[in-house]
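*Asks:* Structure incoming, see below.
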Amino acid sequence: MILVIAEHRDGKLNRATLETNAAAQASTALSPGQTGSPIKAAVLGSGVDAVAAEIAAADIAEVIVVDDPALKDYTADGFVLAAQALIEAEQPERVFLPHTYQTRDFAPALAARIKRPLVTDCVAVKDGGYVRPMFQGKLQADVAVDGAHLATFQIGAYRADAMKRGGSPAAVRKAAVAVDASKIRQRPEAPFKEAKQAVDLSQAERIVSVGRGIKSQEHLQLAQQLAQAMGAEIAASRPICDAGWLPMDRQIGSSGQTVAPRLYVALGISGAIQHLVGMKGSRTIVAINKDPEAPIFEIADYGIAGDLFEVVPAMIAELNR
């Protein structure tokens, strides 16, 4: 059995959970001898009925809820205690989680507590094992794991809309798990933000991203006008952020954020592998670059080999019209 631990905040399911569910479904289809293995989802928290109902729409066997007042606010200690008790009771062969900041906070401690291997930042399932990037995305390694284990999946590795939905909602069951609040050492505060302008690009539906082809900082306003016309977030490749033209929280790639929007518009981005690993999970990719041989065109759904300073103003005018 595969147990997917859902992530949520303020009563809303993180889209990355749907992507992880899609990975679980792909794993049962590809793993030798595992076809048809049941998938269950776990929701940890307090007052999470709405979240459980949302994930129950997936084609899974069951949703298990650990509802405890001690889990009202996320803490690493609380989630480790709850997940440990649930895993020991349910005995899943594999535990899947989205590779988010929250998971990275508690999953290593959970793996150590239950004495299971942890494979992080996976981008695919393969032959009963996993594929994960190494050396800042320059190489990909095939990882084989013996026995029960945990695995986290990079955002964008699987598309949320690729998750199969069930004909009827999955059953929801309350687990008989109690969390000892006296063992929680952390006292949560408001979620940390690097800056007021900080944005979680992994949740953006549309992104306009700029690269060296924008030429100078004053030309960024052109990309920002396109983003505004599209209702999109602005982002960039590493050279733009290194130059200080946009803040580092807008960087996409192996050393920045990983995204999977419905629409990704790349302006003047050549398509270096370090950037592609951060956005290749996008549903639709539009590339504008005057170099027709740019690698970005190899993965783009739509490509315009032309001068972005001519193409983008025409796009903005049409969008506004």
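No lab work stands behind these numbers, since they all come straight from the coordinates. Note that this is a predicted model, so its numbers are computed, not measured. Here the Cβ is made from the backbone with ideal geometry for all residues, glycine too, and neighbour counts use every protein chain on show.
*Asks:* Return the single residue from 306, 147, 137 with maximal mean-square fluctuation; model: Gaussian network over the chain, springs between Cα atoms under 10 Å.
*Replies:* 147
*Asks:* Would you compute, from DSSP H runs of 4+ residues alone, the mean residue ellipticity of the chain at 222 nm, taking -39500 (n - 2.57) per run and dividing by the full residue count, rounded to the nearest 500?
*Replies:* For the chain, the value works out to -8500 deg cm²/dmol.
*Asks:* Starting from the 7 Å offset along Cα-to-Cβ, what nm value, one decimal, do you get for the label separation of residue 221 and residue 205?
*Replies:* The two pseudo-label positions are separated by 2.9 nm.
*Asks:* Cα centroid distance between the range 42-117 and the range 148-171, in Å?
*Replies:* Each part's Cα centre sits 14 Å from the other's.
*Asks:* While we're on this one: For the chain, with the dipole built from +1 on Lys and Arg beta-carbon atoms and -1 on Asp and Glu ones, taken about the Cα centre, which of 135, 226, 76 lies farthest toward the positive end?
*Replies:* Result: 76.
*Asks:* Tilt of helix 76-90 relative to the longest C-alpha principal axis of the chain, in degrees (0 to 90, nearest 10)?
*Replies:* Once rounded, one gets 60 degrees.
*Asks:* Which of 146, 161, 291 moves the most in a Gaussian network model of the chain with Cα springs under 10 Å?
*Replies:* Judging by the Gaussian network model, the answer is 146.
*Asks:* Quick one: longest stretch of the chain between exposed loop chymotrypsin sites (Phe, Trp or Tyr not before Pro), exposed meaning at most 10 other C-beta atoms within 10 Å and loop per DSSP? Let's see the in-between values first.
*Replies:* Details: sites that count: 135, 192.
After excluding every exposed loop site, the longest remaining stretch is 1-134.
*Asks:* On a 0 to 90° scale, report how tilted helix 220-230 is relative to the longest principal axis of the chain, with both axes built from alpha carbons and the result rounded to the nearest 10.
*Replies:* Tilt relative to the chain: about 60 degrees.
*Asks:* Which one of 188, 108, 239 has the biggest mean-square fluctuation once the chain is modelled by GNM with Cα springs under 10 Å?
*Replies:* 188
*Asks:* Going through the range 194-294, which GluC sites (Glu not before Pro) have at most 16 other Cβ atoms within 10 Å and a DSSP loop state?
*Replies:* Loop-located and lightly packed - 194, 205, 293.
*Asks:* Cα to Cα, under 23 Å, and not fewer than 8 places away if on the same chain: which lysines meet these conditions relative to residue 12?
*Replies:* Counting by Cα, and skipping residues close in sequence, residue 12 has these lysines nearby: 40, 72, 164, 174, 193, 196.
*Asks:* Can you give the charge dipole size of the chain about its Cα centre, rounded to the nearest 20 debye, using +1 on the beta carbon of Lys and Arg and -1 on the beta carbon of Asp and Glu?
*Replies:* Values: 33 positive and 36 negative charges, 44 e Å.
For the chain, the charge dipole is close to 220 debye.
*Asks:* Follow-up question, since we're still on this one. Tell me the angle of helix 15-30 to the major Cα principal axis of the chain, expressed in degrees between 0 and 90 and rounded to the nearest ten.
*Replies:* Orientation of helix 15-30: about 70 degrees from the principal axis.
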